[in-house]
Structure formats: structure tokens, C-alpha cells
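Enquirer: If you scroll down you'll find the structure; I have some questions about it.
Read-outs: derived from the displayed coordinates by stated rules, not from any lab. Just so we're clear, the structure is a prediction, and the values are computed from it rather than from any experiment. Positions of Cβ are generated from backbone atoms using ideal geometry, with glycine treated the same way; all protein chains shown enter the neighbour counts.
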């Protein structure tokens, strides 16, 4: 018996540049007591669907063009605003992606958790609201709830804030909970706990949940049924098992195929485009000659890091932060070392310290028989060509005021790799082509490109100086899975054709396994385990490694 | 707030058919749609043309004609005459020259000092930055007008001495030299204390840009510090700087008027809008137009500049990445 | 919180010190000599006064003498243009300026902030445009134009309000209002901007998702953050009020400190200049401290010393 039935929902955005059909005739239903996962990439319309249900969209430029959503006798889309407000927070609640920005920083936690009850249950006294709020906070796992409830949001960690949001959403015992990417911003171990919590609460409080995510692994972990959305439409619907084992729509097949899992053995990933264009399934596999190289000794290290320490003193309270605490690594030439860990473990700082973008407190970084840490800025100049980095955020990685041609020519001219405009331009064009773009993009500015394209431009810029070693710092973490596959393939190809060595930093264990020959696991500034990729994933030695691997959604 | 979701990759590729557009061009297009701002721009341009170009064609504002005091508007005197029979219209235009010159030049000086100071402070970081900002904080806490008045008092006699020097050594015309040295102390006083907030704004910009990945990439590519500061950081701070500069001009014009009203600003034979308003206030009850007309021109210019600044701020406020 | 206040207080002392140094040297740089413009003072008295106030001593000595005398004896020197002790002059005029300043602040806050909130709530409607238009008038039309105009209006229509002077209690109304108008205009704009900024934040969406009434969302959730820019402006606003008081005092014939300040600058009256400047500076520092404390009250991240507040 469906508790919510969405019929032919159409939500369009009317802007000066045109009309976007964010949700284009979408229908599905939510059964009582189930967790329904809505999966889609950016632009799929998954979030807009839920915002439409609760009337949270700014009505210009958004407009609900059609459809009806019967809920308990009312049509949610055409109900009186006053009644809609009574449903929000009382019968249907919502939690969002970024708990820090979603909680009011100026009000205490207890105050915010009490609010829905006080607003929707006219008979409730402040005492009753207080009791229920604290009870709810305890239920979601906040220890010492009575005391901690008087804190402000910024005093809590990310995971705890999300628990607070869940408590706040469930305090009125609503029928339905809409969850918009609630774990995307969290570490993988924290995410695992929150997913477990949601499943428990669903049973305990008899809530039906709509769980929006882009991560297929998460959906496999938490949902009963799945709806897959693409470009504003529903392309497939079914139980988790049905979707994962027997997908029907080419987009879904492509989506499942293009994400690296622990079981992936091919060197290249199929992309969603392959499936949408009708190429027959998964033929792009070339099994890695993985088993053989395990016996070979690793090649000479291109970069050797010895006892690297990077310590910061916090300016406020003069506490010493040991971001990188005695790290030693060997990065073999022509291979990829994956550096994996949760947020704050120091992996990003390590990458930057190797490149001398951050000053090491002590330790050595050997490249070409020189200790880079001992060199001055001027002495480092020739090495800058050899060691490059690609960052996580493609939106911030390019100077917004420079054209692509300027941005790519600058390093070439600065390092005198080419002389003269014509030669430089030819080189820039060939770089663009190598990363899958073209000469027509020369005169454009970064903001005219999509995220995936911008990341390719960053790769092109790094390649411009003919490096031997590239640090990939979470460079696919901010991307949709389908784009991620393209960029990973690109990195692979370039490694083969230019004999590049990579240090691949990421928190995503599946991606790291796919990309790396060797893996180092980091925690709190130290290397916890280090081995070939196969060994680390098949036979983890350390408890922390085992915990990390177990927490990956969909692999458990 | 929920907005249209990020456009998906294929959509973005499709959109790239039109001509390339830089951020500045986008901002200008946005501003063109803001009617108030465009009208304000028009008014400001008209004002400049009036005061600087047309003024030459008008009568001499200093000719005193005591037989024709307080005349009503006529073909000869478009706005009539003032208490000393001087043509009001040309007085207003000439007054506008001084007021706007003070506003624009003092703003220019402030911008130069402020941008330099702020970007060096922000880029240097650490102790240097902390010290430089402490200085700014302290100077900002001091009442601006108080200091400007004191500075003006100090520089009062300087102007006549310097004027004499200009006439003797550089052989400038005395009249021109007098007028110039008369207003220089004002430029000085405003410029010396007017750059503080701009420095803060520029520094805040530099600090946040400094941390962005494209600057780290520039470091990784081995670029020198000066290249990074001048080619990469400063061009990206121009937005707020332009907005603030546009809003500084009217506030400086206001300061000039205030000082003139107190007798500490521009002196005769120069006349600024501030002086005209002050003189007009004396005859407020009998001949309010002597107060209202200069007041109107003054306020209109300030309105235009303020709305223009607001328009610029709205146009430039959209985040750099359009997704 | 205590630490926060203490830090700000120390900063204030530093500012006072800097103000003193700058004013001292500027005052010394003024051409002309104190005690020379007053014809009533005999040469003998002048010599004695010079000796008494150490004007014959070296600059560094004078620099330290002044604060010493102020702190130990409350002696601010003698005004060369008025022939009276500076302390008396200040004591007579300061209360007037204070009343005027606080009254203006009251008008500014009482008019500016509610209007700003109203404009934000009714964004992009006639109410908004009208209010912001009025605010613009307050910013672009100087006090010395509004003042006289108000005087004409009031003289004609409101018999029980004197147009100038400072005798009866209601006399502070007109000058305080004129003075406060500019600050009211800025506060209205800042409040509107601050609230709109908050309303675009994610936690407001959360508040709506909880089904809270629009009034609650505005008053409870957005005011605290939205008022922050206005509160931060209060300190400098008070400074602007004090500075602007010179003009208003002369238009409305209010016997406050402002006139003394201008006269001191014009007649090279060193001690009066120093005394009045330092007093202004002190007032402003106190108001800045107050504004900082208020910011700490509103924003828990600031008072707990969290970075990125």
C-alpha cells in the first residue's frame, strides 16, 4: 500500500537563458515502511523532485508544471500553503547534505531540535518538547545528550551534526523522511554508521524513507527498492537486487559498469557513453596482468620519502598539529601509489609536502638523488617541470580571468619549452587534443566548461611542462561516476603513453584499488599499512585497514 | 536554496555555441539589464560633460554685479543670480568641477595606496600582514573627520606658499596656481586617510584568492611571487575594488562639502558645491533656490554614483563559476 | 567572553595612544603659536602659561607631560583661544554632545533597523524600493541641507518645537533626528543586506522544511545573523555621528563639543584641540567596544574564538 504516490511530476526552471526541464514526467511510489533509493548523477532531477513535494523551491524561477501527488487525501502539489506548512516537519520531514550549513549557527542545538514539536503540536509544553528532543538525541546516538544539547552546531563534528539533523527531522514522528544525500559529505566509516542508524530508526519509528544519492554502493547498502533517474526522467525501477543483477536500461547498465569496485579487474573502465551509444556490453575489459607483476620486484623508486614530518601550530591556542607524522614512502617509477585515508589523516598535506608546496618540518624527499626539502625556491625551479599536481576542485583550479590558451601557454613560455607564438600554440593544441578537447576551446574561459572538462584542462596544464611525476589529489572525488570513469581512463592512457608516475590520493577505496599498483593507508598522520594493492585489499593486516574496507558501502 | 541542479556534462557541451565571454563581459551584460544602474551611469556622464565640457561656454562665475542681485531666471542667467549678482548656473557648473575633481582624484589616490597596501599585506601573510592590519585598524578607529580637519588646519598656510613657488619657479599663471594649490591639501587629507577600508577589502580578497587551487598550481609550476601576485591574484580582486571605488567617490564628495561648510575645505575664489550650499543656506528663507539648486545637483550626482556602485556590486556578485 | 572583552579593551588603549601621538604632532605642526591670538592675555601671563604647560620644554618632554598631567591631576591645559581651562570647557559641552549623539543613535537604530527588516521581508516590491529610495536620500543629501529644510518645515507647522537652541528638553529632537538620519540610512541598507544574505543560506531552507511559520523564520532564525553587519557598523556609526555633530550643532545652535573642536583647529588652540580630540577618541573606543561585545553576544562563534566566524 503506497504511502506516497508521485504521478507525472513536472518541474521546470524558467531563466533568462531558457527553460530547464529539471523533472520531466516522473512517476513512482513509496511503500509504507520501505527505504526507497533515488539514484542519479547531477542534473538528473533527483533532488528537485523532493523539493517539489515539499514546496521548497523558489517559485520563480521554478514552476511545477504538472502532476499530482496524493498523500493522505491531499494533493501535495496543489494544496493550500498553510496546510502544506503543517505537513512539512510534521508528516513529512527532510534532511539535507551539508549538516554544517543546514543548522542555524546562532542557535543552540536543543532549541533547534525542539522547534518542530513546538510548532506543530499546539498542546505541547516546553518541558515536553525538551524531554522528547533529548530522548531523540539519545536515540540517534549523541552521548551525554542532556549536556551536549546546549552546545552550538560548530562545536559538533560532521557526523554528529548529521545525527542532530536526523533527530530534528524525526522528533515529530513523521510518516515520511526525505533524505537528500545525507552521507555524501561524511567520511566512509561515519557514513557506514549513519546508514546503519537510518535503517534502525526506520524499523523502530515506522518511518518510510526516500534516500537520494549518487552513490550506487550506498544505495545497495541502505535501500529496499531503487529508482534510477537520468536527465529528469525515471529510466528504471526495481528492487536492489533487480537493478544490480539484471539492469535493463543502457544508462543503468553503463552506470553500474563504469564505477570501479573491489571486483573490477580491467585496466580501463567502460563509460556511460559506451552504453548509451549502443556498444555491446562490457567488452572493454583487458584483464590486468596483475598476478604476474606481484612476483616481480617493484621498479626503482622515482620518489623516495623518508621520515617526513609536517607540523603546524594553531594560531588560536598554540596547539601543535602533527598533520604528517613520520611518513616514509617509495613511489616506483612508472607506477601508481595510492594514498588512502579519511579526512584529516594528512594525505593531502603529504602530497603537497612532496611537491614542496608546504614546508616540511623535517624529513627528506628524494628525487633524482637530490633531497628536495633542502633546496631553495630558486633551486627548485628546474624540478618544477618534473613534478606536477592536479587538484580536487576543478572550479577553483583555473584562473577565471585567463583564456585557456593563456593558461596553457604560460607554463610553456615560462619554462621555455617552446619559443615563438606559433610553436607554443601548436603545442597547446596538441595538449588539448591529448586530453580530449580541441582547438576551438582556445579562446574560451574556464567558467564556460563543465567540471569534467575543466579537470581535463588541469591535466593538460600539468602535462604542458612534460613532467615525470604527478600528484593526483582527490582529483576525481568531486565528480559524477560517469565523468570519473572518463578521467580515470584518461589518466591511465597518459600514464602508458608518457610513462608517468602517479601518487593518487583519495578517500574512495574503490577508485584507489582500481587505479593503484601499490597502496599506503594513512591515519592521523601516520602510515598504517603499505603494500601492493592486491595485498592490502585481499589481506589487510591492520585493524584500521580492515575497518575501512568493511565500511565501504556495497562491498560488505 | 534549491536551484536548478548542476547542468549535466552533455548539456554543458551543447551550450558552448555562442562566442566566448569573459567574466567582465558577463558582468557588463548583467549590468545592462539593471535599468537603475544604467540610468545612473547616464546621469553621471551627463554631469561630467556639463561640468567639464560645457562650463567653458558659460559665463565667468566670479563676475560680481551688485545691481543684479537675486535675479530671477532669464535668458541671460539661466538659473538667475546669487547674492552678489553672479550667474548661478555657471557657479554650479564650476562648483561641480571642483567637487567632482576632489572626489575622483582623492579616490584615485586612495585606490592606488589601498590596493598596493592591501595586496602586499594579504600576500605576505603572517606577522607582516598582522602588523600592517593592526596599523590599519588603529587608523580606522580614529575619527576620520577629526583628523582631516586637523590636517587641513596644518596645511592651510602651505598652499599659499606653494602657490607662490609655482608662480615663481614654474612660471604658472597665478590664478591657475592658486586654484590648484588651494585644493591639493584636500586631496592629500582625503587620500591619506581614505585608503584604509579599501586596503582591508583588497587584503580580504587576496587572502581568499591566495588559498585557491589555481594559485597553488601556479606555485607548483614554479612561477615567481611577483608574477603570481600581479598576473594571477590582483586581476581577480578587481571586482570588489571597482565597486568600492565607485562608492568612495560620492563619500569623498560629501566629505569635501562638509569641510567646505565648516570653512576648512576649498576656499574662494574656488567654489564647490559645498560652498554654494553653505552660502545658499544663509538666504534660505527668502531665496531658497540658492540652496536648493546646488543641493539638487549635488544630491543627484551622489544618487547616481551610489546607484551605479550598487548596480556594479549586483552585477559582479554572481559567483565566478556559473554552475 | 571575558578574554574577548579584555583583548578589545587593550586594543582600544592602543588606539587611544596612537590618536594621541598623531594629534600631538599634528597640533605641534600647526603654524602659529598658542596664546597669540587672544589679545586679552598679557605677555606676562602668556609667559607664565607657557612655563606652566611646559611649552618651553622640548618636544619629547611635552609629549609625556600632557598625559601625565591629565592622569594625575585631571589637568587638560588651558585653551588659548578661550582663556579657560580645557577641562571646564569639555565638562560643560560634553554632556550636550553626549545627549545629542545618543539621541541620534537612538533615532538611527530605531528607524534604520526596522525599516531595513521591512525592506528585506518585502524584497523587490514597492515597499522595498520606496524604503531604499528614502535611505538613499539620507545618504546623498547632506545634513546641512536637510537641517535647514527641516527648520523651515518645523517653523511653519510645529509651533511647540523650537527651531534652534538648547534650553528645554524637547530641543534635542530636531538636531538628533537630523544627525541620526544618515546613520539610519546606512543601517537600513546594511540590515536589509544582512538579512537577505542570511535568507539565502541553507539553514533557512531547513527552517522552512521544518514547517516553521514565515514570521518565526525571519524573527528567530535570520535576525541574529542578519543584524551582524549593522552591529559591526554601530561603532563606526557612532564615530560618524560625533564627527557630523559639528555641523548639526552649528545649524541648530547646540552648545556641544563640536564647535569647540572646529574653533580649536581654526585658531591653533593646541590644548583645546588635544583635549577635544582625545575625548572624541575615547568615546568612540567605548562605543566600538560596545559594538564588539554585542557582536560576541549575537554570534557564538566569535565569542568562543572559533576561526572562520
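Enquirer: Of all DSSP beta bridges in the protein assembly as shown, what percent run antiparallel (nearest 5)?
Expert: Here the share of antiparallel DSSP bridges comes out near 55 percent.
Enquirer: What Rg and what Dmax come out for region C:221-309 when only alpha-carbon atoms are used, in angstroms?
Expert: Values for region C:221-309 (Cα only, Rg and Dmax): 17.3, 54 Å.
Enquirer: Give the average, rounded to an integer, of partner chain Cβ atoms located within 10 angstrom of each Cβ in C:147-154.
Expert: Going residue by residue through C:147-154 and averaging, the value is 3.
Enquirer: Could I ask something else about it? With n ≥ 4 as the cut-off for DSSP H runs, can you work out [θ] at 222 nm for chain C, using -39500 (n - 2.57) per run divided by the number of residues, rounded to the nearest 500?
Expert: The helix-only estimate for chain C comes to -24500 deg cm²/dmol at 222 nm.
Enquirer: Could you check the spin-label model distance between residue A:263 and residue C:217? Points 7 Å from the Cα along Cα→Cβ, value in nm.
Expert: Calculated label separation equals 4.6 nm.
Enquirer: Here is a follow-up. Return the average number of partner chain Cβ atoms within 10 angstrom of each residue Cβ along peptide A:96-108.
Expert: Mean shielding by partner chains, rounded to a whole number: 6.
Enquirer: I've got another one for you. Does a label point 7 Å from the Cα of residue B:226, set along Cα-to-beta-carbon, have any residues of region B:104-130 with amide nitrogen under 17 Å, and which are they?
Expert: Under cut-off, by backbone N: B:116-117, B:119-121, B:123-124.
Enquirer: Which angle between 0 and 90 degrees, to the nearest 10, do you get for helix B:144-169 versus the longest principal axis of chain B when only C-alpha atoms count?
Expert: 70 degrees
Enquirer: Relative to the longest principal axis of the C-alpha atoms of chain A, give the angle of the C-alpha long axis of helix A:126-139, reported between 0 and 90° and rounded to the nearest 10°.
Expert: Tilt of helix A:126-139: around 40 degrees.
Enquirer: Suppose each label sits 7 Å from its Cα in the direction of the beta carbon; what would the residue B:137-residue B:204 distance come out to in nanometres?
Expert: 1.5 nm
Enquirer: Still on this structure, I have one more. Compute the distribution of all C-alpha to C-alpha distances in the protein assembly as shown, in bins of 10 Å from 0, and list the percent of pairs in each, rounded to whole numbers.
Expert: 2, 8, 15, 18, 18, 15, 11, 8, 4, 1, 0, 0
Enquirer: Sticking with this one: Rounded, prolate or oblate: which fits chain A, taking a ≥ b ≥ c as square roots of the Cα gyration tensor eigenvalues, rounded meaning a/c under 1.5, else prolate when a/b beats b/c?
Expert: Prolate, because a/c is 1.5 or more and a/b exceeds b/c.
Enquirer: OK, next. Calculate the FRET efficiency for residue A:246 and residue A:78 from the Cβ-Cβ distance with a Förster distance of 56 Å, rounded to the nearest 0.05.
Expert: 0.90
Enquirer: Right, something else. So how far, in whole Å, is the C-alpha centre of region A:87-139 from the one of region B:48-86?
Expert: Comparing the Cα centres of region A:87-139 and region B:48-86, I get a distance of 71 Å.
Enquirer: Partner chain Cβ atoms within 10 Å, averaged over the residues of A:13-24 - can you pull that number for me?
Expert: That works out to 2 on average.
Enquirer: What angle, in degrees between 0 and 90 and rounded to the nearest 10, separates the Cα long axis of helix C:228-251 from the longest principal axis of the Cα atoms of chain C?
Expert: 40 degrees
Enquirer: Another question, then. Go ahead and set up a Gaussian network model of chain B, Cα springs under 10 Å, then flag whichever of B:202, B:249, B:39 fluctuates most.
Expert: Of B:202, B:249, B:39, the Gaussian network model singles out B:39 as fluctuating most.
Enquirer: Taking only Cα atoms and a 10 Å spring cutoff, compute GNM fluctuations for chain B and point out the largest among B:30, B:127, B:313.
Expert: In the Gaussian network model the winner is B:127.
Enquirer: Could you check the spin-label model distance between residue A:320 and residue B:169? Points 7 Å from the Cα along Cα→Cβ, value in nm.
Expert: Simple spin-label model gives 6.1 nm for this pair.
Enquirer: While we're on this one: If each residue's Cβ is checked for other Cβ atoms within 10 Å, how do B:248, A:239 rank with the fewest at the top?
Expert: A:239, B:248
Enquirer: With 10 angstrom as the radius, rank B:63, A:6 by how many other C-beta atoms surround their C-beta, starting from the fewest.
Expert: B:63, A:6
Enquirer: Report the normalised scattering of region A:398-464 as log10 I(q)/I(0) at q = 0.29 Å⁻¹, calculated by the Debye formula with identical scatterers on the alpha carbons.
Expert: Computed log10 I(q)/I(0) values: -1.46.
Enquirer: Please check which bits of region A:75-117 a label hung off residue A:68 would reach, taking the label as a point 7 Å along Cα-to-C-beta and the cut-off as backbone N under 15 Å.
Expert: Residues A:75-80 fall inside that zone.
Enquirer: Sort region C:86-308 into rounded, prolate or oblate with this rule: let a ≥ b ≥ c be the square roots of the eigenvalues of the Cα gyration tensor; rounded if a/c is under 1.5, and if a/c is not under 1.5, prolate when a/b is larger than b/c, oblate otherwise.
Expert: oblate
Enquirer: Right, another one. Which order results if A:180, A:98 are arranged by neighbouring Cβ count within 10 Å, fewest first?
Expert: The most exposed by this proxy come first: A:98, A:180.
Enquirer: Also, I was wondering about something else. From the Cα gyration tensor of region A:66-136, with a ≥ b ≥ c the square roots of its eigenvalues, which class applies: rounded if a/c is under 1.5, or else prolate if a/b is larger than b/c, or else oblate?
Expert: oblate
Enquirer: Need the C-alpha centroid separation for region A:482-556 versus region A:186-227, integer Å.
Expert: 25 Å
Enquirer: Mean residue ellipticity at 222 nm from the helices of chain A, using -39,500 (n - 2.57) per DSSP H segment of n ≥ 4 over the full residue count, to the nearest 500 deg cm²/dmol?
Expert: Rounded to the nearest 500, it is -11000 deg cm²/dmol.
Enquirer: What FRET efficiency do you get for residue A:127 and residue B:108 if R0 is 60 Å and r is their Cβ-Cβ distance, rounded to the nearest 0.05?
Expert: 0.40
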